[in-house]
Every structure is written in structure tokens, then in C-alpha cells.
Amino acid sequence: MSLRVMIAKPGLDGHDRGAKVLARALRDAGMEVIYTGIRRTPSEIAEAAVEEDVDVLGLNCLSGAHMSLFPKVIEELKARGADDIIIIASGIIPEEDSEKLKALGIREVFGPGSSVKEIVDFIKSLDKSRNG
Amino acid sequence: MDESNNTSRSKREIAKLITQIENGAELTPPHSEATVVGVTGAPGSGKSTLISAMARALVDKGKKIGVIAVDPSSPISGGAVLGDRIRLNFTHENLFFRSIATRGMRSISKSAYTIAKVLGASGYDMIIIETVGGGQEDYEICAISDLSLLVLCPESGDSIQMLKSGIIELADAIVLNKSDMEGSEIFYTMLKNSFPEKHIFRTVALYSKGVDELTSFMLSWKSVEDHRKEAAIRSFLAMMLKEELFSGFLKENRDVFEENVRAVAKREKEIYEAIEDLMRAKHKL
């Protein structure tokens, strides 16, 4: 059973080289990765995550708008009864914001300096705990 | 599982059911009257962009549309990047879009047929299946669809390519996408001359040009049962049967199979020797 992961980019941020590198690394780790493409709204992302029935949703934002966009994605998922989807986040996210986002239910935040391997290993560890 | 027709299913419930099918749950495909449209063509011909434009037009015409977009699984890691959704520029309550990986099958995943039936039984009027970017031999999709569309773009070849066998013979209609490109007129005329009996449409999917005419055609289409359909079904059944037999073989002989793969890769064995050894292993069953 392949783990299904969605990489999503909310808001007006057109820089997605990192998202593509990560999508490829997760593919190479044996996961099925759905990439939404850039400039999606929180509601589009939540709708897509529901239709694709993903195990993990990875939000990436490099524009600095994470504190307004990420909580909206969480709300949109809740509204669809899909708040069991594990959310992780990455981007230019300061330490103090990381703590706030985690308090809102985002499982882990990968800020500047995080390696691809760290993220892949973290998602793999989620899979292990999922399969008991 | 006894899920049959249920048009009140939520998207969440449908999505969960599809996951179960993908993971091998035994489910008899429910009855569905929905039209299944298969879309195939080479990588980069614009299938996903065209499907996004078609889905928009069909939803605007008041239809409920399901899309199953298939991309290849990696033969190395088993993972996949399912990228068709990138071309979809909207979400809608009357649109259900699901990306799936081939998981060891060829142009379409084993579960695509059952998923299409489930979407149909859940109240979707038309189900569009997008195959993996395919070539001349990928025509299994014609067996499980009521209408098969082959997407080409200018520079897909000359009149000799049009004489070749395979998908171009079996597809119900041809869509010449990117028809604003240079050389498109000549290619269109050549297509018309090569296939006077076929429906041929011209589109520029990116700008939704020609899409209204194409979707009207799709909605009025009545499935044809002829020798082309029979040929496609023969091919599809053969493919499914090979898959079943091979999984049965692997269940008993995975170690021998892997040993032979390694031996051939290390050049300790010729490929034909490996096949002979594997056939011997099979007969010991």
C-alpha cells in the first residue's frame, strides 16, 4: 500500500522548484505524490486533498503569507470532515510562527535549512506509526 | 463489500471507497449508465489540459463529471508523481477528480474500470479516464470506454504514421490539439484525408478553443459495438489475464524471479535462459 502525499502551494507564490525537488524525492522513496501546482486557494487544496484521499498534506509557502493561508487550509479541511489528514509545512517560516502553526494542528514545520532527507524520513516515520 | 448504487455519497466517502479499490478490496463493479470517455495520446500532447477544459465546459452545461487520471508508477521505487491535477484550474462540487498510479499495469491501472463504475453509480453523468502518456500500442482503454479520444498535436507524423496499426485504428475520434501551432492546417488536412470516416476535432485546450463543440459531441455520442470494439476487448482481456497469471506466478516464485532478474542484470545469464528457467519453475507448481 503506497502512502499518498499531496504537495500544495497556497497563495500567490510562484516559486516551486523546492516543491518539485521534494515531490521527486518522495516518489523515489516509494510514495505516490500529487502536486497541485502553484497559486491554489485553501479551498481548492482542501477539496483536492479530499478527492485524492491523501494520507499526508504538505503545504509550502515562500512568500511569508503562511500565517494567514495555512490556518485557512486547516479550516477548509475541517469543514469537509477531513481533519484526520496529517498536515506538514515548509517554507520561510520563523521559529515563533512554527510553534503557533503546530498549536493549530500542523504536525511538523520544516523551516529554512531543512534537508530533503529530513522531510522524507519524517513522512516515512508517519507511515510506520500509521501501519502500527 | 456490498456497495451498489448510492447517489448520496459524499466526496469523502467516494474517495475512501476508491482507496479501498486501489488497495485491492474485492468489489463487484456496480451498475452504472454513465458514459465512460477514454482519453489517450502521447506525453505532452495536452491530454490533461484538454480534460481540464472539457470538465469545465461539461460542468457549465450542468453535468456531474468524474475524472480518473492515470500516471505511471516508478518501476524502480514503486512511487509516482501524479501530475495531471496541475492542469486542472478549478474545483467544483459537480467535479470529482482522482489521480491514480498504474501500480505495475501498463496504460491504465487495474482499478480504473471499477472506479469509473463506482463514480457512475454515485451520480456522476460522465466519467473521463486519462491514460498514461501512450504510444501506438496503447489501445486497451478503448475496451473499457464508450467513447475513445486520441489526442494528437501537429507534428505527430506524416501520412505514413497514419497508415500504421494500433490506437489510431481503434479510437472513435481524433482531437488535434495545439491546433494554433504552425503546420496545423496541413496536418489537419492530412488527417481528414487519411480518416474520412472518423470524427476529427481541432482544439487549443489552453484557451478552451474548440472545446464546446467537442463536449457537445461527447454528450450526444452513442457507443458503437463493432469489430474495433471487439479487438480492443480482446486485447484488454488478454492484458488482465496476463496480469492475473503473473501475480499468481509471483506469489509462488518471487525469489526465483528476483534471482533471475539479478542474474541477467549481472550478465551471468542470457534473457532467454532466464525465461526458460522461469517457465520450468512455473511447471513445478
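Values computed for the structure shown
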item	result
Index of the failed condition, A:Ser63 passing every other in (1) within 11 Å of another protein chain (Cβ to nearest Cβ); (2) touching a residue at least 24 places away in the same chain (Cβ under 8 Å); (3) open to solvent by 30 Å² or more (accessible area, probe 1.4 Å); (4) in contact with a Gly (Cβ under 8 Å, 6 or more places away or on another chain)	(1)
Residue within the stretch B:75-96 that is touching a strand residue (DSSP E or B) at 6+ places or on another chain (Cβ under 6 Å), small (Gly, Ala, Ser), free of Cβ contacts under 8 Å to residues at least 24 places away in the same chain and not in a loop (DSSP other than H, G, I, E, B) present	yes
Meets criteria (over 15 Å from A:Glu44 (Cβ atoms), open to solvent by less than 10 Å² (accessible area, probe 1.4 Å), modelled with pLDDT under 95 and within 13 Å of chain A (Cβ to nearest Cβ)) for B:Ala112	no
Complete set of residues in the stretch B:1-58 that are out of contact with any helix residue (DSSP H, G or I) (no Cβ under 8 Å at 6 or more places or on another chain), in a loop (DSSP other than H, G, I, E, B) and among the hydrophobic types (A, V, I, L, M, F, W, C)	B:Ala25, B:Ala42
Among (1) free of Cβ contacts under 8 Å to residues at least 60 places away in the same chain; (2) within 15 Å of the chain's Cα centre (by Cα), the one test that B:Ile51 misses	(1)
Subset of the stretch A:73-104 [more than 12 Å from the chain's Cα centre (by Cα) and under 24 Å from B:Lys16 (Cβ atoms)]	A:Glu75, A:Glu76, A:Leu77, A:Lys78, A:Ala79, A:Arg80, A:Gly81, A:Ala82, A:Asp83, A:Asp84
Any hit, the stretch A:14-23, residues being buried (at least 17 other Cβ atoms within 10 Å of the Cβ), at pLDDT 95 or above and facing chain B (nearest Cβ under 9 Å)	yes
Wholly enclosed strands (runs of 3 or more DSSP E) of the stretch A:3-120 bearing at least 3 residues under 20 Å from B:Val81 (Cβ atoms)	A:4-8, A:32-35, A:56-61, A:86-91
Residue ranges of helices (runs of 4 or more DSSP H) in the stretch B:144-205 with at least 1 members at pLDDT 90 or above	B:184-194
Selected residue [in contact with a strand residue (DSSP E or B) (Cβ under 7 Å, 6 or more places away or on another chain), closer than 30 Å to B:Thr189 by Cα and open to solvent by 10 Å² or more (accessible area, probe 1.4 Å)] from B:Asp158, B:Asp146, B:Asp71	B:Asp146
Among (1) closer than 23 Å to B:Arg103 by Cα; (2) in contact with a helix residue (DSSP H, G or I) (Cβ under 7 Å, 6 or more places away or on another chain); (3) modelled with pLDDT under 95 - the single one A:Asp83 does not satisfy	(1)
Yes/no for A:Gly64 being closer than 24 Å to B:Ala69 by Cα and out of contact with any strand residue (DSSP E or B) (no Cβ under 6 Å at 6 or more places or on another chain)	no
Failed item in (1) in contact with a Phe, Trp or Tyr (Cβ under 8 Å, 6 or more places away or on another chain); (2) of a type outside the set (Val, Ile, Thr); (3) at the interface with chain B (Cβ under 10 Å from one of its Cβ atoms), with A:Tyr35 passing the rest	(1)
Cβ-Cβ under 9 Å pairs, at least 6 apart or on other chains, the stretch A:67-84 side within 14 Å of chain B (Cβ to nearest Cβ), far side exposed (fewer than 14 other Cβ atoms within 10 Å of the Cβ) and of a type in the set (S, T, N, Q)	A:Arg80/B:Ser10; A:Gly81/B:Ser10
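Matching residues to (1) surrounded by 15 or more Cβ atoms within 10 Å (Cβ to Cβ); (2) assigned by TED's automatic domain parsing to the domain that holds B:Ser111; (3) without any contact (Cβ under 8 Å) to a residue 12 or more places away in the chain:
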site	(1), (2), (3)
B:Val204	yes, yes, no
B:Asp255	no, no, yes
B:Glu268	no, no, yes
B:Ala274	yes, no, no
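So that you can scan it fast, the table gives a plain yes or no per residue for (1) at pLDDT 95 or above; (2) of a type in the set (D, E, K, R):
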| residue | (1), (2) |
| --- | --- |
| B:Asn5 | no, no |
| B:Glu26 | no, yes |
| B:Ser32 | no, no |
| B:Val37 | yes, no |
| B:Ala42 | no, no |
| B:Leu50 | yes, no |
| B:Leu58 | yes, no |
| B:Val70 | no, no |
| B:Pro75 | no, no |
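Matching residues to (1) more than 9 Å from every other protein chain (Cβ to nearest Cβ); (2) closer than 30 Å to B:Leu250 by Cα:
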site	(1), (2)
B:Thr35	yes, no
B:Ser45	yes, no
B:Ser48	yes, no
B:Lys64	yes, no
B:Ser77	no, yes
B:Phe96	no, no
B:Ser99	no, yes
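The values are calculated or read from the model by the stated rules, or taken from the named source; none is laboratory data. Please read all numbers here as calculations on a predicted model, not as lab measurements. Cβ sites come from the backbone with ideal geometry, for glycine too, and all protein chains shown count toward neighbours. We work out accessible area using only protein heavy atoms, side chains counted, and drop any ligands, DNA or RNA first. Shrake-Rupley method; radii C 1.70, N 1.55, O 1.52, S 1.80 Å.
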